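What follows is a set of notes on a single structure, which appears directly below.
The values are calculated or read from the model by the stated rules, or taken from the named source; none is laboratory data. These numbers come from a predicted model, not from an experiment. Here the Cβ is made from the backbone with ideal geometry for all residues, glycine too, and neighbour counts use every protein chain on show. Only protein heavy atoms, including side chains, enter the accessible area calculation; ligands, DNA and RNA are left aside. Shrake-Rupley method; radii C 1.70, N 1.55, O 1.52, S 1.80 Å.
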Amino acid sequence: MAESFSFNHHFVTSLLVTIIITMLKSVNTTTTNTEFVKSSCTFTTYPRLCVHSLSTQSSLIQTSPKLMAHAALNITLASAKTTSAMMVRLSSSSRLKPREVSAMRDCVEELGDTLEELRKSIGEMGQLSGSNYEVYMSDIQTWVSAALTDENTCTEGFEGDDMNGKVKVLVRGRILVIAHLTSNALALINHFASIHG
């Protein structure tokens, strides 16, 4: 009986030690991944937004600059989709002036271009390798830069005093967030390209 107790006690102690070590490794890995996100975000123009938008993805990103850039593109795409859907709903509002409806529709079109450029970039991020790396990377950088231009063009449509203050503030605020996310994604892509090449 004493041998059985000794064996069980030893087994339970070993099991607990293994569980604690595994938990500590997990905490250490999570800390490492989160620190990687924070340090990578220092390469962006909007580091606080970068950390805020990507820290929840740290376990997927791990310590990979490529996965970091890929996650930034996906988050930007999701934000652009949500904003585009909101603007489509807003543009059908009967309370908007014709000029506001026109600016809204133009902006939805620009966001459509942004969505397409981001989707193409995400697709090519998955194919970055070997002899085609530089061609794909150049395409990605071009498309993300074009997306940023589209977003800036969208906000220009809401300039002027004849625009509804609330609509103007709402739309420009949402587009500004997308533009900042896009800028951060481009910075992370450029950083990845600089350490890969």
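Table: residues versus (1) at pLDDT 90 or above; (2) over 21 Å from V144 (Cβ atoms); (3) surrounded by 17 or more Cβ atoms within 10 Å (Cβ to Cβ); (4) among the acidic types (D, E).
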site	(1), (2), (3), (4)
F11	no, yes, no, no
I19	no, yes, no, no
S40	yes, no, yes, no
T45	yes, no, no, no
L54	yes, no, yes, no
A71	yes, no, yes, no
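Does N152 qualify as being over 15 Å from A69 (Cβ atoms) and in contact (Cβ under 8 Å) with a residue 24 or more places away in the chain? The answer is yes for N152. Residue count for region 142-170 satisfying the condition of being outside any helix (DSSP H, G or I) and either in contact with an Asp or Glu (Cβ under 9 Å, 6 or more places away or on another chain) or under 16 Å from S91 (Cβ atoms) (or both): 5.
Out of D150, D162, D139, one residue alone is farther than 30 Å from K97 by Cβ and over 17 Å from the mean Cα position of the chain (by Cα). It is D139. The residues of region 116-130 that are open to solvent by 70 Å² or more (accessible area, probe 1.4 Å) and in a helix (DSSP H, G or I), listed by number, are E116, R119, K120.
Just one of the listed residues (A185, A193, A85) is hydrophobic (A, V, I, L, M, F, W, C) and at pLDDT 95 or above, namely A185. There is no residue in region 106-114 that is modelled with pLDDT under 85, over 20 Å from the mean Cα position of the chain (by Cα) and surrounded by 17 or more Cβ atoms within 10 Å (Cβ to Cβ). Flag not set for G126, criterion: within 25 Å of R89 (Cα to Cα) and out of contact with any strand residue (DSSP E or B) (no Cβ under 7 Å at 6 or more places or on another chain).
The residues listed here are K81, K97; of these, the one that is open to solvent by 80 Å² or more (accessible area, probe 1.4 Å), in contact (Cβ under 8 Å) with a residue 12 or more places away in the chain and within 13 Å of L181 (Cβ to Cβ) is K81. Evaluating Y133 against the criteria (1) open to solvent by less than 50 Å² (accessible area, probe 1.4 Å); (2) under 18 Å from T76 (Cα atoms); (3) among the hydroxyl-bearing types (S, T, Y) leaves one unmet condition, (2). Here is a check on your reading of the model: is N132 closer than 19 Å to Y46 by Cβ and of a type outside the set (A, V, I, L, M)? No. Within region 84-94, restricting attention to residues that are free of Cβ contacts under 8 Å to residues at least 24 places away in the same chain and in contact with a helix residue (DSSP H, G or I) (Cβ under 7 Å, 6 or more places away or on another chain), which residue is surrounded by the most Cβ atoms within 10 Å (Cβ to Cβ)? Applying the filter and picking the extreme gives S91. Failed condition for D139, given (1) within 28 Å of A71 (Cα to Cα); (2) part of a helix (DSSP H, G or I); (3) open to solvent by 30 Å² or more (accessible area, probe 1.4 Å); (4) at pLDDT below 90, with all others met? Condition (4) is where D139 drops out.
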